[in-house]
Structure formats: structure tokens, C-alpha cells
Amino acid sequence: MARKRKVYEFKPDRQGTSFFKRLYMTRLQRRQILKWFSLAALCVLLLTVQDVMMSQIRISGATTDLAVCAIFLIGLYEGTENGSLFALIASIVYLFSGSSPGAQCIALISCTTVGLNLLRQIYWRRSSGSILLCTCTAITIYEMLNFLFGIFVGSTIWDRFGVFVLVAVFTCITALPLYPLVKLISKIGGDTWKE
């Protein structure tokens, strides 16, 4: 007598597959997730280095803002849509880390990133020079607006203007070695935008 064979209307899922296979994600999607987690980890690492080591080193009363530099670099490298959303989320994390000068950093970082992304995409072609120039401009605008906000609320005095300028200069200098690292990590999932 012949055996009866089970006939499935749909092919059942294979047993013993990995967790990532069951998510039904393509390889590109997994690489994009890896890229964004790596960029976020870079920001957290730089925030830790800033708070632990760089806060002890002061030249004429000024130090660097590594986390802000990384947020601007990533935000400007990734473009208007992805970069601006990253800048908003990262600035909120920066505020809750306790290292930020105040709640105004969310608006300052996000709005500066959006504005300079739009400016760069409208007037310049995508290049390392334009991204670094916009990053240094964003850092300078951020530091100067922080200074003006500090004057407005009374948390600083006019005599400290030079310190804010030095912080902007030191942070712009640290953007140069950080740019190749951000560029390398951002290439993990491929470029997501076209200009």
C-alpha cells in the first residue's frame, strides 16, 4: 500500500534558522542597522572620552566638544533627511548625558544641521571639503549661540568670549581626524542618497 504524503498549501518555515533570518531583513537592511549602531556607538565613545579625558585638558580655559563635533559630522555627511533625524536624536541623548550646556543644545544642534545641510546641498557639490567646511561652520555657530544664550540667562560673562572661540577652534581641528572615521563607518550600508 502506498504511503499518503502530506500536502502543504504553503511551504512551512524551516526549523532552526537564526534570529536574523526570521526577521526577513535583506543583507542591505542589516548593514544599514549596523551602520547606524556603529555611528551611535562612535558618538557615545567620543562623549565618554570628552567627559573622562578631555575635560581634564584645558588650554587657556578651553577644551574640545567631541560629541558635538561627531554629531555635526555625521549629520552633515548623511544628508538632510537621515542626518537631520540623527542630529535630533543624538542631541537629545547628548542633553540627557549631562554633558550639554542646557536644553537649548537640542534646538541649536538640530536647526544648525538642517540649515547647513540644505545650504550645502543647494550651493555645493558633495565633497570632503564642503562637508568639513559646513561642519566647522556649524561648530562655530553652535558655540557662538551657546555663548549668547549664556549671556542672556546670566550663566557666563562677556570676558569669556575668547574661551568660546578657542573651543570652536579646537573642535574644528578635531573634526579633521574624525572625518575619515565617520566616512568609513558611513560606507558600511552604501550611500543612501543621490545628488
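What follows draws every value from the coordinates through simple rules; no lab data is involved. Predicted, not measured: the structure shown is a model, and the values here were computed from it. Backbone-built Cβ (ideal geometry, glycine too); neighbour counts: all protein chains shown.
Extension gain for PHE37 to LEU85 (0.36 nm times residue separation, less C-alpha to C-alpha distance): 15.9 nm. Once the Cα-Cα distance is subtracted from the 0.36 nm per residue extended length, the TRP158 to VAL49 segment shows a gain of 36.3 nm.
What order, most packed first, do the peptides 81-89, 35-43 have when packing is the mean number of other Cβ atoms within 10 Å of each residue?
Details: 81-89: 18.9, 35-43: 17.3.
Averaged packing, sorted descending, gives the order 81-89, 35-43.
Potential lengthening of the chain between VAL169 and SER60 amounts to 38.0 nm, from the contour at 0.36 nm per residue minus the alpha-carbon distance.
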